[in-house]
Amino acid sequence: MSRAIYGTIEEEIRALKKERNAVIMAHNYQIGEVQDAADFTGDSLRLAQEARKTNAEVILFCGVHFMAETASILCPDKKVLVPDLEAGCSLADMIRPEDVRQWKAEHPDGLVVCYVNTSAEVKAESDYCCTSSNAEKVVRSIPEDKDVLFIPDFFLGTYVKQRTGRKNMELWRGYCPTHMLIQSRDIEKLRAGHPGAEFIMHPECGCLTKSMHLADRILSTEGMVRYVKESPAREFIVATETGVLHRMRKDNPGKNFIPASVHAVCNYMKMNTLEKIVASLENLQYEVKVPPELAQRAYLPIERMLSIV
Ligand code: CIZ
C-alpha cells in the first residue's frame, strides 16, 4: 500500500486498521502521535479491559512487552502485535519466576501480589496481579493472616503498605529507572515557584518516601488524567513519565501542566512510532503470543486484577 494514495501517515494507518480489522491501544506514556493514532489510550488496567471487550481480530499494542503479553493472555483467539519487540520494561526485568518460587518455598501459606509490570512467567507464579490504580484494593482483599510478598516495585509497595497498615507484607526492591529521575529537590523548587499548582505524584516515584507529604494526590496515570479534568485548579505539577502530559494538555486546553522532571522519559515507551505502526499492520509483525500452558497459569492473577476495581 503506498502512502501517496493516502496523503498522510495517519490516513494510511486508518486504512490499514480497516483492512486488518485491527484496533490500536496506546499506553499513556507513548509519544503524542501514537496516542493520537490509537483507538484507546490509558493505563494497563483500562487497556486490558478494552482488549477483553474488542471485536477486532488484531490488537496492536503500543506500550511495552508485558502489556502485550497481558492482552494475549486475555484474548488468546486474537492476534496481538507490537510495533517493536525491543520495547521492554526495566522494572519487569528486576524479578524472575525463580525468585517468586523461592519465596513461596519459604512461605508455603504466603501469597504473592505482582504489579502488572512483570513478565507472564512471573505472573504465572503469582496469586494476584494489580496495577497502580488498584494495588491498595487488591492487598486489602487478602485475608490479614496471610503473609504477602509484593513485587517488583518497592515504592508502590511502600505506599500500599503505608495505606493499608499491613505488617506482614514483604517488598521486593525493584524500581522504575525513569521514575527514579524525579527528585525531591526538583519538586520542592517547582512547588515554591508555582504556589497555586496542585502536585500529583505516581506511586512508582523513587522519591515517594521522601516527598509523599508534598503531594496533593498519589495516583496512577489514569487516575491523574481523570483528576486534572475534575479539579478546579488551573496548574499542575505532574510527577511521572512525561508522556501522560500529552493527554492532559489535549483534554484540558485552559490548564497548565508542568513535568516534575523533563528527564523522566522512558526510552522503551518511546520506541513505538507511526512508521513502525504502519509496518506492523502491513506485515502483521511482531506477534506476541503467550504459550497456552503459561497463559492458563497467568490468567487467574490477571482476572483478579480486573475484578478488584
Ligand atoms: O498501570 C500502568 O499502566 C502503569 C505501569 C502505570 C500507570 O499508572 O499507568
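The values are calculated or read from the model by the stated rules, or taken from the named source; none is laboratory data. Here the structure is a predicted model, which means the values were calculated and not measured. So basically every Cβ, Gly included, is an ideal-geometry build from the backbone, and we count neighbours across all protein chains shown.
Given the structure, is ASP99 in contact (Cβ under 8 Å) with a residue 60 or more places away in the chain and either aromatic (Phe, Trp, Tyr) or more than 16 Å from the ligand (Cβ to nearest atom) (or both)?
So ASP99 fits the description; yes.
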Q) Does LEU91 count as more than 16 Å from the ligand (Cβ to nearest atom) and touching a Phe, Trp or Tyr at 6+ places or on another chain (Cβ under 8 Å)? A) no
Q.
Test of understanding: among VAL228, VAL238, which residue is outside any helix (DSSP H, G or I), in contact with a strand residue (DSSP E or B) (Cβ under 7 Å, 6 or more places away or on another chain), within 16 Å of the ligand (Cβ to nearest atom) and more than 30 Å from GLU12 (Cβ to Cβ)?
A. VAL238
(Q) Name the single residue that is farthest from the ligand (Cβ to nearest atom) among those in the range 49-74 being farther than 20 Å from GLU19 by Cβ and surrounded by fewer than 19 Cβ atoms within 10 Å (Cβ to Cβ). (A) LYS53
Q. Restricting attention to the range 209-225, which residues are away from the ligand (no atom under 13 Å from the Cβ) and either closer than 23 Å to ASN267 by Cβ or of a type in the set (Gly, Ala, Ser) (or both)?
A. SER211, ALA215
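Just the residues that are part of a loop (DSSP other than H, G, I, E, B) and either without any contact (Cβ under 8 Å) to a residue 12 or more places away in the chain or over 16 Å from VAL122 (Cβ atoms) (or both), please, taken from the range 162-174.
GLY165, ARG166, LYS167, ASN168
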**Q.** Test for VAL116: is it within 13 Å of the ligand (Cβ to nearest atom) and either among the aliphatic types (A, V, I, L, M) or assigned by TED's automatic domain parsing to the domain that holds MET201 (or both)
**A.** yes
Q: Looking only at the range 143-199, count how many residues are surrounded by fewer than 17 Cβ atoms within 10 Å (Cβ to Cβ), closer than 22 Å to ASN256 by Cβ and hydrophobic (A, V, I, L, M, F, W, C).
A: 1
